[in-house]
Amino acid sequence: MKDDTLRLYHQQAVEVWENFCRLHRDLYELTCEEYAALLSGEVEQLEAVIPKKESLMADIASWDDIRVSLITALNDSGAADSPVTTVTQLLRVLQGPEASMAIPALTNLNALLIDIITQTQEQNKRNQMFLNKAMLSLRDIREGFTGKKKTYTTYGADGLTRSANR
């Protein structure tokens, strides 16, 4: 009985992880699209990407709610030896049904999900660095038009910032 219950929760977890992987892959692709729009200066394209990303984030949050409900139902069923509170614990509890399968679907999907999330975070960092550089360039241009002297900030031996006008 307990094994059948765990198999049912395993199937549900695989469905959740499949959707997580699909949605996070789509998010990664949009993040790359966003970077391409930033590089090309296509503001309209950038404006179109932002609502898509927000919609994907809402879908991911919905599936995360389903994941939380799955963990709650698993705990309420008593199929787990101890209460599950984290994803790591969920994966550990579902190792039994996973081991009886020819392909460890949940383990593979979790590894794929971690990889996609890592790639997305790296791409977001690149996007942010590009935006920061663009903002600095815009500030320099604005200061050039207003006739302000260029100020450089450096760090002294004591670690404090020092400004120098040029």
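Data for the structure
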read-out: Subset of region 118-145 (residues that are at pLDDT 90 or above and surrounded by 11 or more Cβ atoms within 10 Å (Cβ to Cβ)); value: THR118, GLN119, THR120, GLN121, GLU122, GLN123, ASN124, ARG126, ASN127
read-out: Odd one out for SER82 among (1) polar (S, T, N, Q); (2) modelled with pLDDT under 95; (3) part of a helix (DSSP H, G or I); value: (3)
read-out: Selection status of LEU109, surrounded by 13 or more Cβ atoms within 10 Å (Cβ to Cβ), in a helix (DSSP H, G or I) and aliphatic (A, V, I, L, M); value: yes
read-out: Scan of region 25-60 for residues that are small (Gly, Ala, Ser) and open to solvent by 40 Å² or more (accessible area, probe 1.4 Å), ordered by number; value: ALA36, SER40, GLY41, ALA48, SER55, ALA58
read-out: Matching residues in region 105-131 - criterion: being in contact (Cβ under 8 Å) with a residue 12 or more places away in the chain and more than 25 Å from GLU33 (Cα to Cα); value: ALA105, LEU106, THR107
read-out: Residues that are in a helix (DSSP H, G or I) and open to solvent by less than 70 Å² (accessible area, probe 1.4 Å), drawn from region 85-95; value: VAL87, GLN89, LEU90, LEU91, VAL93
read-out: Hey, ALA102 open to solvent by 90 Å² or more (accessible area, probe 1.4 Å), farther than 25 Å from LEU38 by Cβ and modelled with pLDDT under 95 or not; value: yes
read-out: Test: residue in region 9-24 that is over 14 Å from the mean Cα position of the chain (by Cα), open to solvent by 40 Å² or more (accessible area, probe 1.4 Å) and of a type in the set (Val, Ile, Thr); value: no
read-out: Unique residue being within 29 Å of GLU98 (Cβ to Cβ) and either in contact with a strand residue (DSSP E or B) (Cβ under 8 Å, 6 or more places away or on another chain) or charged (D, E, K, R) (or both) when the list is GLU15, GLU54; value: GLU15
read-out: Given (1) without any contact (Cβ under 8 Å) to a residue 40 or more places away in the chain; (2) closer than 21 Å to LEU6 by Cα; (3) in a helix (DSSP H, G or I); (4) open to solvent by less than 60 Å² (accessible area, probe 1.4 Å), number of the condition VAL68 does not satisfy; value: (4)
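The values are calculated or read from the model by the stated rules, or taken from the named source; none is laboratory data. All values reported here derive from a predicted model rather than from experimental measurement. A quick note on method: Cβ atoms are made from the backbone with ideal geometry, for glycine too, and the neighbour counts reach across all protein chains shown. Protein only, heavy atoms only, side chains kept; ligands, DNA and RNA dropped before computing areas. Shrake-Rupley method; radii C 1.70, N 1.55, O 1.52, S 1.80 Å.
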